[in-house]
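First comes the structure, then the notes that go with it.
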Amino acid sequence: MRQIDNADVTPGSGGFAAQVADTVARVVSNDWVNAEYKLIVLDAPGLAASAEAGQFFNIECPVVGEDKPFFRRPMSTYAADPETGRVEFLYKVAGAGTRGLASLISGGTTRILGPLGVGFTLPDDVRSIVVLGRGVGLATLAPLAEMARDRGVAVTAIVSARGPEQILSVERFRAAGAKVEIVLDSDGTSAMTNVEAILRRLHAEGRADGFYTCGSNRLMLLMQKLAAELDVFGEVAMEQQMACGLGMCFCCVRNFTVEGETISKRVCWDGPVFALSEATSW
Amino acid sequence: MVDLKVDMGRGLVLANPVMPASGTFAEGLAKVVDLNGLGALVTKTITAELRGGNPTPRVAEVGNGMLNSIGIPSKGIDQFLDEALPFYRRFSSPLIVSISAPTVDDFGRAAARLNVEGIAGIEANISCPNIEEDGKAFAMRPQTTEQAVSAMRKVTDLPLWAKLTPNTGDIASVARAAEAAGADGLVVANTILAMTIDIETMRPTLGNVMGGLSGPAVKPIALRMTYQCARAVDIPVIGCGGIASAEDAVEFLLAGARAVQVGTATFTRPGTMDEVIAGITEYCRRKGFNAVAELGAALNADMLAPDVMEAAQ
């Protein structure tokens, strides 16, 4: 039986070199980070651990009791380190798939297909970026902050949440050298007018020649409007229900505006990271 | 050494009997699986006209299966010939191009455009709506099946497979009609028309209301239809429906299928086809078969006459 486990080259196939592996990953830990989210750390050496910021995996979620997830669940990479061979995902426990994933304990295994999709880009002339996210979208943006740091690009992270208990990824952003601005529903600071004022201030201060967002339609639309007005490079990481993750089933399509035309693209294959200017409201 | 070759007729011999089901395979699988190891490659369905596909949500999970209403998005035959075909020509596995059309004449016109180097055969998706017959799928009835297959047979010498729909009351008669019209093989079968409703929102789960059911949930039905068709015709039958393991594939081969297609399983385990090929080989070795082609005559059953079998439904 031919298996593609932790191997860059499938054995016995005459030099076929896989670009995506269906890795049997071993659970190192799977702990709650707050009341809703868990962080799973997996031992997944080889191709999986080479994932870049913005790329994702399609994860097999165990069947537990009444929960019988049929498809895998796509999740953006929270961390991937080729040196340690570890891959991490931050996920909200919300449905049959994520409840199954939450049941995994240290030493258990599951299959992760990846790295998949097109990740974030940092053009050479972008020297300081703003990442703006909410909810699990912050997990997608955290590796981007580290990628920016490694290239000497300054990062400001605007972290939006319902209240102080829902704040995610702040330590990751700070560890990557990012300046963090927290905006909350509970004190009204997450209002669009305030977030817009912060973005305009950062741009006026010369701290925003790249805009990146994930996790909120309203925040995306705000950043898109300002990026167009201020002529700032921008990207958005999109979510959509998926089945295969490899561009084959065409279920994860969304509409994009490209040169004035509405075009359907596959989030898993053409993205999940897209030009901010092409995104449409979801 | 088990001989995995299967003869599909009209000069088409596959290195092994395992191939993707149309709609579940595209260029992306080449990143994970060595496509040269597959018996054939079967494209997503291509239409002459541009098609955007159905509104989202396009898929839903059901118990042990998948409901989809993708809607055959297609960039047209020109784009396929210019952009996709060169990609597939990099691989040694024979390329079967799935086509569909809204009328009998359009099926003929589409088939005529595929007499091109690099295309090894045509799979006609006649499970789609016929706009001249009130939207009923061509393969729901023998007469419209015969008309569509005849229109293609007139214009191509390529191996021509008809993909039948399970949404018919008499699949054996449809199979015989396709054979009589000159089909070289039958793919049995497409998805089963189905629907689900979200009782909280009180809306159909799919954007298109109804869709096609596939995956392990449909396997016994597809297997029964494969058996009925294999007994009804002399041309090869390609079994398709819920195959997720070598054991599943062997069931279809024992039921009389010459080859099998793996579809939905590739979405959940992209390496499934490789595992099926290896597992069929192992099964033949364990059971003492020298060639996979021997499985077609190996079923132990007190055979019912086909007409009795159909009446039993």
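The values are calculated or read from the model by the stated rules, or taken from the named source; none is laboratory data. Source: prediction; values computed, not measured. For neighbour counting, all protein chains shown are included, and Cβ atoms are generated from backbone atoms with ideal geometry for every residue, glycine included. Heads up: the accessible areas ignore ligands, DNA and RNA and are worked out on the full protein's heavy atoms, side chains in. Shrake-Rupley method; radii C 1.70, N 1.55, O 1.52, S 1.80 Å.
Observations, loosely collected:
- Checklist (1) more than 11 Å from chain A (Cβ to nearest Cβ); (2) modelled with pLDDT under 95; (3) open to solvent by less than 10 Å² (accessible area, probe 1.4 Å) applied to residue B:261, failing item: (2)
- Only one of the numbered conditions (1) outside any loop (DSSP other than H, G, I, E, B); (2) closer than 22 Å to residue A:265 by Cα; (3) away from chain A (no Cβ under 12 Å); (4) touching a helix residue (DSSP H, G or I) at 6+ places or on another chain (Cβ under 8 Å) is not met by residue B:29, and that is (3).
Rundown of residues vs (1) in a loop (DSSP other than H, G, I, E, B); (2) under 16 Å from residue A:118 (Cβ atoms); (3) open to solvent by less than 50 Å² (accessible area, probe 1.4 Å), yes/no style:
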position	(1), (2), (3)
A:228	no, no, no
A:236	no, yes, yes
A:245	yes, yes, yes
A:249	yes, no, yes
A:262	no, no, no
A:265	no, yes, yes
A:273	no, yes, yes
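- Considered as a group, the residues in segment B:276-299 that are part of a helix (DSSP H, G or I) and aliphatic (A, V, I, L, M) include one that is modelled with the lowest pLDDT, and that residue is B:297.
- Across segment A:38-62, the number of residues qualifying as without any contact (Cβ under 8 Å) to a residue 60 or more places away in the chain and more than 20 Å from residue A:252 (Cα to Cα) comes to 7.
- Strands (runs of 3 or more DSSP E) fully within segment B:42-120 that include at least 2 residues being open to solvent by less than 10 Å² (accessible area, probe 1.4 Å), under 19 Å from residue B:139 (Cβ atoms) and not acidic (Asp, Glu): B:95-99.
- The residues of segment B:272-302 that are open to solvent by 60 Å² or more (accessible area, probe 1.4 Å) and of a type in the set (S, T, N, Q), listed by number, are B:290, B:300.
- Filtered by the rule that a residue be open to solvent by less than 60 Å² (accessible area, probe 1.4 Å), part of a loop (DSSP other than H, G, I, E, B) and at pLDDT below 95, segment B:207-220 gives a lone residue, B:207.
- For segment A:45-100, filtered to residues that are basic (Lys, Arg) and under 17 Å from residue A:29 (Cα atoms), the residue that is farthest from the chain's Cα centre (by Cα) is A:99.
One line per residue, one yes/no per condition, for (1) open to solvent by 10 Å² or more (accessible area, probe 1.4 Å); (2) part of a helix (DSSP H, G or I):
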| position | (1), (2) |
| --- | --- |
| A:157 | no, no |
| A:165 | yes, yes |
| A:177 | yes, no |
| A:181 | yes, no |
| A:186 | yes, no |
| A:193 | yes, yes |
| A:200 | yes, yes |
| A:206 | yes, no |
| A:211 | no, no |
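- So residue A:19, is it at pLDDT 95 or above, under 18 Å from residue A:111 (Cα atoms) and over 19 Å from the mean Cα position of the chain (by Cα): yes
- Residues in segment A:100-137 that are part of a loop (DSSP other than H, G, I, E, B), open to solvent by 10 Å² or more (accessible area, probe 1.4 Å), away from every other protein chain (no Cβ under 14 Å) and not polar (S, T, N, Q): 13 in all.
- Any hit, segment A:244-258, residues being closer than 30 Å to residue B:61 by Cα, of a type in the set (Gly, Ala, Ser) and within 14 Å of another protein chain (Cβ to nearest Cβ): yes
- Filter pass, residue B:24 being in contact with a helix residue (DSSP H, G or I) (Cβ under 7 Å, 6 or more places away or on another chain), crowded, with 18+ Cβ neighbours inside 10 Å, part of a loop (DSSP other than H, G, I, E, B) and within 13 Å of chain A (Cβ to nearest Cβ): yes
- The numbered conditions (1) open to solvent by less than 30 Å² (accessible area, probe 1.4 Å); (2) within 11 Å of chain B (Cβ to nearest Cβ) are all true for residue A:19 except (1).
- Checking each residue in segment A:66-98 for being open to solvent by 50 Å² or more (accessible area, probe 1.4 Å) and either in a strand (DSSP E or B) or within 14 Å of chain B (Cβ to nearest Cβ) (or both) picks out A:66, A:68, A:73, A:81, A:86, A:92.
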